[in-house]
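Only one structure is covered here, and it is reproduced in the block below.
The values are calculated or read from the model by the stated rules, or taken from the named source; none is laboratory data. Since we're looking at a predicted model, the values are computed, not measured. FYI the Cβ positions are ideal-geometry reconstructions off the backbone, even for glycines, and counts take in every protein chain you see. Only protein heavy atoms, including side chains, enter the accessible area calculation; ligands, DNA and RNA are left aside. Shrake-Rupley method; radii C 1.70, N 1.55, O 1.52, S 1.80 Å.
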Amino acid sequence: IEKTFKTLNLPNCYLRIIISRGVGEIGLDTKKVNTNNVVLILKSFKTNPIEWYEQGVHYIVAQTKRNPKDALNPRAKTGNYLNSILAFIEAKNVGAFDAVMLDHQGLVTEGTTNNLWMVKNNQIYTPSLERSLLKGITRDMIFQVAKLHQLSIQEKDFDLKELLSADEVFMTSSLKEVVPIVKIDEQMIGSGKPGTLTKKLHQHYLNYVKQQTQN
């Protein structure tokens, strides 16, 4: 990784590491492959649009349900994005930023490639890992940041009705950081503008990342 960074000399970049079982015969038998491949994908990363953070974004509720964890555990970081792609297509077909994905019980799980959060009465909630969702790196960091700044945060299962009645909703991911969600389907969230706690968390997060990555 260090050699690749130094060779390309990109000031701000995105890195994806892919490890596969390797090359072998077509089929499902993994024993026919015994030498894995490691691929590094590195590309220049541009700053996200400021409008995401100042105006917020629009989500829909996908008709595509999140895979149950006993079928394909979303906590595994794999290259199998089909479930998320189908939901993302739904969002893009109506001009939305992304989609909320529910499980088969109607409970909120996550976005297509991001974790979801809601704020109610200054209490921050996010779905528990018992739901079908990825234990995101940024998700973990938000818990750390919230505790550092004495912000009340809790894992909790909640349904769509609770999400739509929240004071604030936001999403988190490594590339997008903390993005306020101000509309879901046709329902405005809170005032329809980025919430105070969401903006505060984003700033705390940026400060925390800067602190952790200083040489």
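Past the 30 Å Cα-Cα mark, which pairs from Lys3/Lys176; Lys69/Lys199; Lys43/Lys199; Lys161/Lys199; Lys3/Lys147? Walk me through the numbers on the way to the answer.
On the way: Lys3/Lys176 26 Å; Lys69/Lys199 32 Å; Lys43/Lys199 28 Å; Lys161/Lys199 24 Å; Lys3/Lys147 36 Å.
Going by Cα-Cα distance, Lys69/Lys199; Lys3/Lys147 fall outside the 30 Å limit.
Largest first, the three principal axis extents of the alpha carbons in the range 24-69 are 52, 34, 17 Å in whole numbers. Using the Cβ-Cβ distance between Gln203 and Lys46 with R0 = 25 Å, the FRET efficiency computed as 1/(1 + (r/R0)^6) comes to roughly 0.75.
Rank-order 82-93, 55-66 by packing density, defined as the average count of other C-beta atoms within 10 Å over each peptide's residues, highest first.
Output ranking for 82-93, 55-66: 55-66, 82-93.
With a cut-off of 19 Å on the backbone N, the residues of the range 92-127 near the modelled label site 7 Å out from Glu162 along Cα-Cβ are 100-111, 115-127.
Taking every C-alpha pair closer than 8 Å and separated by at least 6 residues, the mean separation divided by the residue count of the chain gives a relative contact order of 18 percent. Our summary of shape: the Cα atoms of the range 85-161 have principal axis extents of 40, 23, 22 Å, ordered from largest down, in whole angstrom. Over every Cα atom in the range 132-215, the radius of gyration and the widest Cα-Cα span, Dmax, amount to 13.6, 46 Å.
Under 5 Å from the amide H of Ile124 lie the amide H atoms of Ser152, Ile153, Gln154, each residue being 5 or more positions distant or on a separate chain, with H modelled from the backbone and absent for Pro and chain starts.
Alpha carbon centre of the range 2-61 versus the range 75-93: separation in Å? The two parts, judged by their Cα centres, are 15 Å apart. Amide H to amide H distances under 5 Å link Gly22 with Asn37, where only residues 5 or more positions off or on other chains count and H is placed in the peptide plane.
With both labels modelled 7 Å from their Cα along Cα-to-Cβ, the Tyr81 to Asn37 distance reads 1.7 nm.
Sorted on the mean count of surrounding Cβ atoms within 10 Å across their residues, most packed first, peptides 132-140, 157-165 read 132-140, 157-165. When peptides 145-156, 42-53 are sorted by average Cβ neighbour count within 10 Å, with the highest value leading, the order is 145-156, 42-53. Dividing the mean sequence gap of close Cα pairs (under 8 Å, 6+ apart) by how many residues the range 132-215 holds gives a relative contact order of 27 percent. From the largest down, the range 1-146 spans 53, 40, 34 angstrom on the principal axes of its Cα atoms. The His104 and Glu186 beta-carbon pair, evaluated with R₀ = 22 Å, returns a calculated FRET efficiency of approximately 0.35. The antiparallel fraction among DSSP beta bridges confined to the chain stands at about 75%.
For the chain, the solvent-accessible area works out to 61 Å² per residue, with a probe of 1.4 Å and every protein chain left in place.
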